[in-house]
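Please treat every number below as a calculation from the coordinates, not as lab data. Computed from a predicted structure; not experimentally measured. Here the Cβ positions follow ideal geometry from the backbone for every residue, glycine too, while neighbour counts run over all protein chains shown.
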């Protein structure tokens, strides 16, 4: 009777390289790895509402409600996982000492390689990458207004419908993205692993410093 629930709990994943905000939260003793595996929320982000996944993937499972502003980096989770949405000031208060999110040094236009770890991967539609706008405010939580309106990269499998191609739509352990060439300084990157056969994506966030 409990088997379907157990299977649901297994089908998760997180980035293990480079360090995400979730990984930093694990290091700080605020989260367990399983919680970072479950940064799961509606996959139509940055849309605000649930509904069909956009063309040409309308036959994928419809999206659940995407994360609300201020809770984007946790995939909409408002429990302990909310800490990944914290500003540096909020984290400093939580930890009782000064804290800044560690920055990953990157170069404009470089290729960033990411490595995922999956427990039991879902049928995957693909991956979407978003980044903060120039002039974003690190003293505010990440909102849609803080992010560029369009993803800077998407890596989607083209096969439809997913249920006829599930063996091909595999989650990628290693994948790479070309970072924007026109950014400088501290930015936050949001990476979504988008699932075809559920309404959700898994959210991972990275603080980077364009040198």
Would you kindly state how much longer the chain becomes between residue 69 and residue 163 on full extension, computed as 0.36 nm times their sequence separation minus their alpha carbon distance, in nm to one decimal? 30.6 nm
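So between residue 182 and residue 89, what do we pick up on full extension, going 0.36 nm a residue minus the alpha carbon distance?
30.7 nm
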Plugging the Cβ-Cβ distance of residue 59 and residue 173 into 1/(1 + (r/R0)^6) at R0 = 30 Å yields, to the nearest 0.05, a FRET efficiency of 0.70
Given the -39500 (n - 2.57) contribution per DSSP H run of 4+ residues, what per-residue ellipticity at 222 nm results for the chain, rounded to the nearest 500 deg cm²/dmol? -3000 deg cm²/dmol
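Please arrange 45, 57, 153 by counting, for each residue, the other beta carbons lying within 10 Å of its beta carbon, fewest first. Walk me through the numbers before you get to the answer.
Working: 45 24, 57 20, 153 16.
In order of increasing Cβ crowding within 10 Å: 153, 57, 45.
If I stretch the segment between residue 152 and residue 209 completely, what's the gain in nm (0.36 nm per residue apart, minus their alpha carbon distance), one decimal?
Numbers: separation 57, 0.36 × 57 = 20.52 nm, distance 1.66 nm.
Taking residue 152 through residue 209 to full extension adds about 18.9 nm, to one decimal.
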For 156, 202, 86, which order do you get if you count the other beta carbons within 10 Å of each Cβ and list the fewest first? 156, 86, 202
If one computes the Cα centroid of segment 70-111 and of segment 133-200, what distance in Å separates the two points? 17
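With 10 angstrom as the radius, rank 20, 100, 143 by how many other C-beta atoms surround their C-beta, starting from the fewest. Let's see the in-between values first.
Details: 20 25, 100 13, 143 16.
Lowest to highest Cβ neighbour count: 100, 143, 20.
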In percent, what relative contact order does the chain have, based on Cα pairs under 8 Å that are 6 or more apart in sequence? 29
